[in-house]
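K.L.:
The following block contains the structure, expressed as structure tokens.
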Amino acid sequence: MGEKIIVNPKTRWYKDAVVYQIYPRSFCDSNGDGIGDLRGIISKLDYIKSLGVNAVWLSPIYKSPNDDNGYDISDYRDIMDEFGTMADFDEMIKGMHDRGIKLIMDLVVNHTSDEHKWFLESKKSKDNPYRDYYIWREGKGKKPPNNWMSNFVGPAWEYDETTGEYYLHLFSKKQPDLNWENPKVRQEVADICNFWFEKGVDGFRCDVITYISKVPGLPDGNFLKDAPLMGQHNYVMGPRYHEYMHELNERAFSRYDTMTVGEAAGITFKDAYKSIDESVGELDSVFTFEHVNADMYIQVFPHKLSLPKWKKILSNWQSLPLTSQPTLFLENHDQPRSWPRFVMYEKNNKELACKMLLVAMQMMRGTGYIYQGQEIGMTNIELKQEEYIDIMATRIFDTLKKTAPFLMPIARSAMAKRARDHARTPMQWDSSELCGFTTGKPWMKINPNHVDVNVEKQENDVDSILNFYRKFLHFRKGKDVIISGSYVPYYEKNRSLFVYNRVLGNKAYFTICNFKNKPISFKVPKDLNIKSSKVAITNYKEPVSDVLMSRKIAPFEAVVYELELK
Ligand code: GLC
Ligand code: CA
């Protein structure tokens, strides 16, 4: 390593990109074992290309015992058995690149699996060379070293009998946290990145990356400061976070023409800016979660969204300078489905609403993200308590059953809207019994609404959600005003309309989105110096009006006017 060699200067291709996220386990199964795999992805590359996305983000495909579906890695340089082989991977990435699609991999390096060879060594003895790859501490009498709680319920420490010490795990006990204070660990991470860059990977989505630096001494958390997660102030954006990211950028990210996006729960605007501005050399962008937490109390209990509050959050991130790239997303593998969540649970007129949500998000500045199934309006699934299989829901249920059974009905109703399982049901390719996902027994329950909601049906309907996604993404591509125009919000207090203008020179795109399923009055703002206007794109079959004028905005209408300014 040592000296910095720039193989490919950064082109910052991601500024104009829309990324399609694949959760491989649920995308497409090629061999009938009920589990999605790489050959399944290969078989769908033309479909992915047809959407008009420029990149794919693949949730983890590395070797893993799957305690947390691949977010617990036991070998960073090999492919999970169920997903295929390295030869399949090589074919998949070639197939993507041949179609002009970049590949972003998931980098899960806050923790490994407890079955990773580093951890198996580490737990053998206190003087094992790998001991210091993880965070081991003596208990306080019979209690863990501190009061931190795991993100998956229960204490963040596990006692290990062999050496009589505890190890830290901010997620499940099968996901021990790496000790980033150890320079060897940091070099291992850089080496892993470079291994995949050499294989042609175009970037990384960095899993819970804001957790990697812990406050020295690992002090106890304080409930008032930390709620709902005891201890979190002592590891979210810890003291050496920027230093570690800078180093990783130097050793890996900056050597190739890559794009990185950090999963940045708890990051503040100021810190985000300090981490992603082009001048800094850390990450290229971050996922922030305020807008997807805005309809929940303590991130668990759903309530109806307040549109003014939501717009304020989004507008705030739009105010990042042009040298910092925002991210635009409504769904991912940890989130419930976006419809009808972001239209305040109004269930009529679904198609218009789904199309409207796409326009509302992606006319803003930033790299766009679409999660598999979002493009056909896949929804949450109804599950019985015993049908939840994700570690988060099952841990919540099991723990409450033992400690506070009277809370079970509340937990059930929260999970019906909030659980991560909702995003992980198999991709609905067609209306057949196994929805075209598999020929075997699917690893997770198929949503019965696949009879109606599926790719095949929407392919054949020019007005489907799917075909609108294609049309819109095609429209969005390469537009300077969308990539770098300024963002000017209007009617910020309005509870029904999301209105903003994007301006570059004398050109502008003026977006109006109605979040209600009823007509809402709209007045053309006085400060627009319009020379001419015309409809650029709308989710209605026929534009409600061809030019920008004061009028009623139709139920769930989304319309973008192209303006020429005086
Ligand atoms: C991230 C992932 C989530 C996973 C967790 C632990 O939040 O998105 O799916 O469970 O990290 O790796
Ligand atoms: Ca399979």
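Here, each number is a calculation from the coordinates, and none is a lab measurement. Treat the numbers as computed from the prediction; the structure is a model and nothing was measured. Neighbour counts are summed over all protein chains in view; Cβ atoms, including those assigned to glycine, are modelled from backbone coordinates with ideal geometry.
K.L.:
What ranking do 421-433, 199-211 get when scored by the average of other Cβ atoms within 10 Å per residue, highest first? Provide the component values of the computation, followed by the final result.
P.N.:
Numbers: 421-433: 21.0, 199-211: 23.1.
The packing order, highest mean first, is 199-211, 421-433.
K.L.:
In whole Hz, with x marking every Gly and Pro, tabulate ³J(HN,Hα) for the stretch 493-501 from phi via Karplus 6.51 cos²θ - 1.76 cosθ + 1.60, θ = phi - 60°.
P.N.:
Karplus values, whole Hz, x for Gly and Pro: 8, 5, 8, 10, 9, 10, 10, 8, 10.
K.L.:
With labels modelled as points extended 7 Å from the Cα through the Cβ direction, what inter-label distance (nm, one decimal) is found for Thr11 paired with Phe223?
P.N.:
5.5
K.L.:
What is the order of Cys193, Cys435, fewest Cβ neighbours within 10 Å to most?
P.N.:
Values: Cys193 27, Cys435 24.
Final ranking by Cβ density, sparse to dense: Cys435, Cys193.
K.L.:
Something else: Ranked highest first by average number of other Cβ atoms within 10 Å, how do 296-308, 352-364, 119-131 line up?
P.N.:
Values: 296-308: 14.2, 352-364: 24.8, 119-131: 16.2.
Result, highest mean first: 352-364, 119-131, 296-308.
K.L.:
Note the angle between two axes, namely the Cα long axis of helix 408-418 and the longest principal axis of the Cα atoms of the chain, as a number of degrees from 0 to 90, rounded to the nearest 10.
P.N.:
Once rounded, one gets 60 degrees.
K.L.:
As an exercise, use a Förster radius of 22 Å and the Cβ-Cβ distance of Lys199 and Asp132 to find the FRET efficiency, rounded to the nearest 0.05. Show your work: numbers first, answer last.
P.N.:
Values: r = 29 Å, r/R0 = 1.33.
Step by step, r from the Cβ atoms, then E = 0.15.
K.L.:
What whole-number value in cubic angstrom gives the convex hull volume per residue for the C-alpha atoms of the chain?
P.N.:
151
K.L.:
Right, next: Could you give the length gained by full extension between Ile389 and Asp461, i.e. 0.36 nm per residue of separation minus their alpha carbon distance, to one decimal place? Walk me through the numbers before you get to the answer.
P.N.:
Numbers: separation 72, 0.36 × 72 = 25.92 nm, distance 3.43 nm.
Here the answer is 22.5 nm.
K.L.:
For the chain, what's the relative contact order in percent, using C-alpha pairs closer than 8 Å and at least 6 residues apart? Don't skip to the answer; put the middle values down first.
P.N.:
Working: 1177 pairs, mean separation 75.0, N = 566.
Rounded, it is 13 percent for the chain.
K.L.:
While we're on this one: Extending each Cα 7 Å along its Cβ direction at Asn31 and Arg99, get the distance between those two points in nm, one decimal.
P.N.:
Distance between the two pseudo-spin positions: 2.2 nm.
K.L.:
Which three lengths, in whole Å and largest first, does the stretch 359-442 cover when its Cα atoms are put on their principal axes?
P.N.:
Largest first, the stretch 359-442 extends 45, 40, 16 Å along its Cα principal axes.
K.L.:
Also: Can you list the HN-Hα couplings for the stretch 425-435, worked out from phi with the Karplus curve (6.51, -1.76, 1.60; θ = phi - 60°), rounded to whole Hz and with x for Gly and Pro?
P.N.:
5, x, 4, 9, 7, 8, 8, 5, 3, 9, 6
K.L.:
How large is the dipole of the stretch 72-205 about the Cα centre if only Lys and Arg carry +1 and Asp and Glu carry -1, each at its Cβ, rounded to the nearest 20 debye? Don't skip to the end; give the middle numbers.
P.N.:
Details: 19 positive and 26 negative charges, 123 e Å.
Here the stretch 72-205 has a charge dipole of around 580 debye.
K.L.:
Using amide H atoms built in the peptide plane, which far-off residues or other-chain residues are under 5 Å from Gly139 H to H?
P.N.:
For Gly139, whose amide H was placed from the backbone, the distant partners under 5 Å are Tyr166.
K.L.:
Would you list which aspartates and glutamates come within 14 Å of Lys457, measuring only between C-alpha atoms, while excluding same-chain residues fewer than 8 positions from it?
P.N.:
Within the straight-line cut-off, Lys457 pairs with Glu351, Glu375, Asp430.
K.L.:
Shifting gears a bit: Could you tell me which residue out of Gly217, Gly281, Pro302 lies farthest along the dipole of the stretch 216-322 toward its positive end? Charges go on the beta carbon: Lys and Arg +1, Asp and Glu -1, centred on the Cα centre.
P.N.:
Among Gly217, Gly281, Pro302, the one farthest towards the positive end of the dipole of the stretch 216-322 is Pro302.
K.L.:
For the stretch 1-158, just run the numbers: alpha carbon Rg, then divide by 2.2 N^0.38 Å, N being how many residues it has.
P.N.:
Working: Rg = 19.6 Å, N = 158, 2.2 N^0.38 = 15.1 Å.
That works out to 1.30 for the stretch 1-158.
K.L.:
Quick query: amide H of Asp75 versus all other amide H atoms, modeled in the peptide plane; which residues come in under 5 Å with a sequence gap of 5 or more or a different chain?
P.N.:
The answer is Lys63.
K.L.:
Apply 1/(1 + (r/R0)^6) to the Cβ-Cβ distance of Val280 and Asp480, taking R0 = 25 Å, and write down the FRET efficiency to the nearest 0.05. Write down the numbers at each step before the final one.
P.N.:
Values: r = 25 Å, r/R0 = 0.98.
FRET efficiency, Val280 to Asp480: 0.55.
K.L.:
Could you order the peptides 324-331, 541-548 from most to least packed, using the average number of other C-beta atoms within 10 Å per residue? All intermediate terms of the calculation are to be shown ahead of the outcome.
P.N.:
Details: 324-331: 22.2, 541-548: 13.4.
Ranked from most to least packed, the peptides come out as 324-331, 541-548.
K.L.:
Follow-up question, since we're still on this one. Multiply the residue separation of Leu45 and Leu565 by 0.36 nm, subtract the distance between their alpha-carbon atoms, and state the gained length in nm to one decimal. Please report the intermediate quantities before stating the final value.
P.N.:
On the way: separation 520, 0.36 × 520 = 187.20 nm, distance 4.10 nm.
Full extension of this stretch gives 183.1 nm more.
K.L.:
Go through Lys214/Lys309; Lys15/Lys471; Lys10/Lys355; Lys214/Lys270; Lys15/Lys479; Lys350/Lys417 and tell me which ones have a Cα-Cα distance over 22 Å in this structure. Numbers along the way, then the final one.
P.N.:
Numbers: Lys214/Lys309 32 Å; Lys15/Lys471 19 Å; Lys10/Lys355 33 Å; Lys214/Lys270 20 Å; Lys15/Lys479 11 Å; Lys350/Lys417 17 Å.
Correct reply: Lys214/Lys309; Lys10/Lys355.
K.L.:
Could you please rank Asp88, Asp463, placing first whichever residue has the fewest other Cβ atoms within 10 Å of its Cβ?
P.N.:
Values: Asp88 19, Asp463 13.
In order of increasing Cβ crowding within 10 Å: Asp463, Asp88.
K.L.:
Of the options Gln374, Pro176, Ser550, report the single residue whose Cα projects farthest towards the positive end of the charge dipole of the chain (beta-carbon charges: Lys, Arg +1; Asp, Glu -1).
P.N.:
Selected residue: Ser550.
K.L.:
For Lys142 and Leu504, FRET efficiency with R0 = 60 Å and r from the beta-carbon atoms, rounded to 0.05? Each step should come with its number before you reach the end.
P.N.:
Numbers: r = 64 Å, r/R0 = 1.07.
Between Leu504 and Lys142 the formula returns 0.40.
K.L.:
Let's see if you can work this out: charge +1 on each Lys and Arg Cβ, -1 on each Asp and Glu Cβ, no other charges. What is the dipole magnitude of the stretch 133-195 about its Cα centre, in debye to the nearest 20?
P.N.:
On the way: 8 positive and 9 negative charges, 48 e Å.
My answer is approximately 240 debye.
K.L.:
Can you list the residues, at least 5 places off or on another chain, whose amide H is less than 5 Å from the amide H of Phe287, using H built in the peptide plane?
P.N.:
Gly262, Glu263, Ala264
K.L.:
In nm, to one decimal, how far is the Asp398 label point from the Val451 one, both placed 7 Å along Cα→Cβ?
P.N.:
If labels sit at Asp398 and Val451, their model points lie 3.5 nm apart.
K.L.:
Let me ask something else about it. Applying the Karplus parametrisation 6.51 cos²θ - 1.76 cosθ + 1.60 with θ = phi - 60° to the phi angles of the stretch 132-146, what ³J(HN,Hα) value in whole Hz is obtained for each residue in order, glycine and proline being reported as x?
P.N.:
Values per residue, Gly and Pro as x: 7, 6, 10, 10, 9, 9, 6, x, 9, x, 8, 9, x, x, 8 Hz.
K.L.:
May I pose another question? For Phe301 and Arg77, calculate 0.36 nm times their separation in residues minus their Cα-Cα distance, and state this gained length in nm to one decimal.
P.N.:
Numbers: separation 224, 0.36 × 224 = 80.64 nm, distance 3.86 nm.
76.8 nm is the gain from fully extending Phe301 to Arg77.
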